[in-house]
1. Beyond 26 Å, what share of the Cα-Cα pairs of the protein assembly as shown remains, rounded to the nearest whole percent?
2. Please give the helix A:96-108 orientation as an angle from the longest Cα principal axis of chain A, in degrees from 0 to 90, rounded to the nearest 10.
3. Could I have the simple spin-label model distance between A:Ala39 and A:Gln88, label points 7 Å from Cα toward Cβ, reported in nm to one decimal?
4. Relative to the longest principal axis of chain B, what angle (0 to 90°, nearest 10) does the C-alpha long axis of helix B:78-94 take?
5. Using Cβ counts within 10 Å as a stand-in for footprinting exposure, how do B:Ser94, A:Ser95 rank, fewest first?
6. At A:Gln65, label 7 Å along Cα→Cβ: distances to the other copies, nm, ascending?
7. Using 7 Å Cα-to-Cβ label points, what is the B:Tyr49/A:Asp74 separation (nm, one decimal)?
8. Hey, rough spin-label estimate for B:Ala11 and B:Ser95, points 7 angstrom out along Cα→Cβ, what's it come to in nanometres?
Protein chains: 2
Amino acid sequence: MAGQTRRRGAALEEAILQAAVAELTESGFAGLTMDKVAARAGTNKNAIYRRWPNRLALGIAAYKQLATAVPLPDTGELRGDALELLRQANRHWSSPLGAILRDLLVAAGGATEFLAQLQDQSGDAAAAPWLTVLGRAVARGEAAPEVLHPRVATVAVVLLRNEFVVRGVPSAPDDVLVEIVDEVYLPLVRRRGEDAGQAPG
Amino acid sequence: MAGQTRRRGAALEEAILQAAVAELTESGFAGLTMDKVAARAGTNKNAIYRRWPNRLALGIAAYKQLATAVPLPDTGELRGDALELLRQANRHWSSPLGAILRDLLVAAGGATEFLAQLQDQSGDAAAAPWLTVLGRAVARGEAAPEVLHPRVATVAVVLLRNEFVVRGVPSAPDDVLVEIVDEVYLPLVRRRGEDAGQAPG
DNA sequence: CAACTAGGGTACTTTTCGTACCGTATTCGC
DNA sequence: GCGAATACGGTACGAAAAGTACCCTAGTTG
């Protein structure tokens, strides 16, 4: 009856996103229901569906609001940098935010159009810090130049993610991180320019 | 009215599982509904819920029926064996069966009690062939003995799985497999006993 | 000021899981 | 063999939750 000052456009969109973020942090993606988001934003599902085609799209948009960049480590040694990057990743995936990311990846279920939006947070963009850190190590002579390749550079973090997927652990113990670095990553990137395993004939 | 010869116990259980397997192969895990399985098995949901607590458990049980062991390669060279193992995994994950496995892992969502049942197919048991193949390579002098460790031995297959998760590809091209073997796996396991990256002090 | 657009309220359809009842066939203990 | 316990079959139901459809109304736009 009184002044209803109906929100529109960007204002309403922000309110919806903020409500989605709140639901996401409180209840995870599983608990993100369109009705609850609408209720919390003080609107209704219509307004949401006009902006996002489905629940997953809304979830991804809300997740992006939450994702934040972490500082690049620079300990002066590859081992320290690699461990710090792994610890950052471990913290992230152990956090409620990590659980949400996993749920979203799961819900995307290989749909490339959705995966592309999440890769900035989990995939290719994750390669950038590793390449930087590894580049410094190469300059220092700690690593062979031919390892400056995304596939090689990100081996450590891929192995750590594998721990989460396969073991379903809430958080990988630090031993595991150290093992990944010492048993796999450092030996891999330190190889001096031996014959790099070309096929025979 | 006439002789209904009602099935019980193991006979009924097999019928249900077989129906679940059929639904799984035809429609994937998403299409595996309790009602359809019951109808197909010529029974009703009661009989199912008496045996499996929920849809996921039934899906896992049905998947296990489908999973079959593959022969261990022995090409006489580590590179050939590794590539063959990767190609087997690639074929598996590209197949409808692989899609089902991914869906199940997704549905398990980190629940350890379910993950444990799937790890035989995707996780730890997958380490056994790699350790065998790698053991032969060590005996031949193709690999350093200290790499006979599950974490190191399975690096290649973990990287391949990562391709599926991150890229959402239906099937990894063979170049990727070759790259994983030549750029990562072989250099990693071939390291001669250098200083294995212990922490400084 | 009139026409158009976008929000709000609400109800509804659909799908599917999981549960509850109730009568009956089969098996098991005696 | 015979009665009691158990497991099946049929069916119906409750509970979410996604997504859709209308209709009315508040703002915006020209």
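The numbers here are math on the coordinates, done by the rules we state, and not lab data. Keep in mind the model is a prediction, meaning the values are calculated, not measured. Counting neighbours? That spans all protein chains shown, and the Cβs are built from the backbone with ideal geometry, glycine included.
1. Numbers: 48710 of 80601 pairs.
Looking at the protein assembly as shown, the distances longer than 26 Å represent 60 percent of pairs.
2. 80
3. A separation of 3.9 nm, rounded to one decimal place.
4. For B:78-94 against chain B, the angle is about 30 degrees.
5. On the way: B:Ser94 15, A:Ser95 12.
Going from sparsest to densest Cβ surroundings: A:Ser95, B:Ser94.
6. 4.6
7. Here the answer is 6.2 nm between the modelled labels.
8. Inter-label distance under the simple model: 3.2 nm.
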